Amino acid sequence: MIAATPLDILRFLAAHAEEGIECVLVTLVGIEGGSSRAVGAQMAIAADGRRIGSFSGGCVEDAVAAEAQETLRDGWGHVVRYGVGSPYIDIRLPCGGGIDLLFTPRPSPEAIIAALQLLDRREPAALRIDCDGAALADPLAPKAWDGRDVTLAYQPPLRVIALGQGEDLTAFGLLAKAFGTQVLALTPDSGTQQVLAQAGVASLALPTRNALPPLQSDAWTAIVFLFHGRDWEEFLLAQALALPAFYHGAIGSRRTHAARLSNLRAGGLGEEMIDRVRGHIGLIPATRDPATLALSILGEIVSEYNALANWTYWTGEPLSAATLR
């Protein structure tokens, strides 16, 4: 994991509650001008000084931690402005903006644990947060800060199922794991599986080109084919397209992708299913090495994952076949 995620912050709160250590949950609820974090970013600070999360590159975190300790001593929540318009004239943000932070002392452990249980079941969760605490809320009913409370949604962690062999698969698996993705690699090559196992990347053997092993996927899952030869796609790709996922992709040139689509049509797959598969994938065109290819594809997947989360959060509409494209 290269940095703390929103779920890590919730786990931090739950773990400290279990230890009997009080915490303050700090939530970014307003921005004036520029900010390095978006509304909804959070930190958690424990009474023993431990903390997790950030709002800048180190400009305000120490001040936030000190304010959190005072909040625990005073026992009441409040909103503090940092940067432009702040009473703390010695604290300035490099972007020149101002941020409003909601300090919530002793957020309900029961609400935090309930949210984590939903997320562990791969279901979205939400918390209504105010000066007095936090309560479980409807993830499809988000609410911006109105001076009283804010409702934040949390989506299940990104899961990626990657199929392939050799360096392309190992590079992708290593990068996805480092990013914090729940990655599962499928490969017919025992050497590739051994390299992945040594790096702690979960993997399954692909013993046949004709059938996928049983797989768990959902609306927060991406499935990507990293085979350079299309022989491993002939039957497996069609089966993968039948699995729920917000992203189905396969590497290859535009010519390769055209042949791939033609093969799917020849196999009797309907156009709605065929339209799910993306070809010529990645954010960086014409990559020349496995590491850059992995970065290119993972970047695209993460971008789509964030867009999906924003769709659900800001529209309040449930996930459907239309949003899984």
Discussion item. For the chain, what does the relative contact order come out to in percent, with C-alpha contacts under 8 Å and a separation of six or more?
Written reply: 12 percent
Worksheet item: Under 17 Å from the 7 Å Cα→Cβ point of ALA286, by amide nitrogen: which residues of region 244-273?
Response: 252-256
Worksheet item: What's the angle, to the nearest 10 degrees (0 to 90), between helix 6-19's Cα axis and the longest principal axis of the chain?
Response: 60 degrees
Worksheet item: So what are the ³J(HN,Hα) numbers for region 234-244, from phi and the Karplus equation (6.51, -1.76, 1.60; θ = phi - 60°), rounded to whole Hz, Gly and Pro as x?
Response: 3, 10, 5, 5, 4, 5, 5, 5, 7, 8, x
Practice prompt. Starting from the amide H of ARG278, placed 1.01 Å from N in the peptide plane, find each other amide H under 5 Å away whose residue is 5 or more places distant or on another chain.
Written response: HIS248, GLY249, ALA250
Discussion item. Quick check: the angle from helix 254-266's long axis to the longest principal axis of the chain, C-alpha only, nearest 10 degrees?
Written reply: 70 degrees
Item to complete: Please name which of GLY98, GLY133, VAL60 has its Cα lying farthest along the dipole of region 6-154 towards the positive end, using unit charges on Cβ (Lys, Arg +1; Asp, Glu -1) and the Cα centre as origin.
Response: GLY98
Practice prompt. Would you grab the residues whose amide H sits under 5 Å from the one on ASP189? Only those 5+ places off in sequence or on another chain, please, with H modelled 1.01 Å from N.
Written response: LEU206
Worksheet item: How far is helix 290-315 tilted, in degrees, relative to the longest principal axis of the Cα atoms in the chain, given as a value from 0 to 90 rounded to the nearest 10?
Response: 60 degrees
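Read the figures in this text as sums done on the coordinates, not as results from a lab. Note that the coordinates shown come from a computational prediction; the quantities given were computed from them, not determined experimentally. Methodologically, a virtual Cβ is constructed for each residue, glycine included, from the backbone with ideal geometry; neighbour enumeration extends over all protein chains shown.
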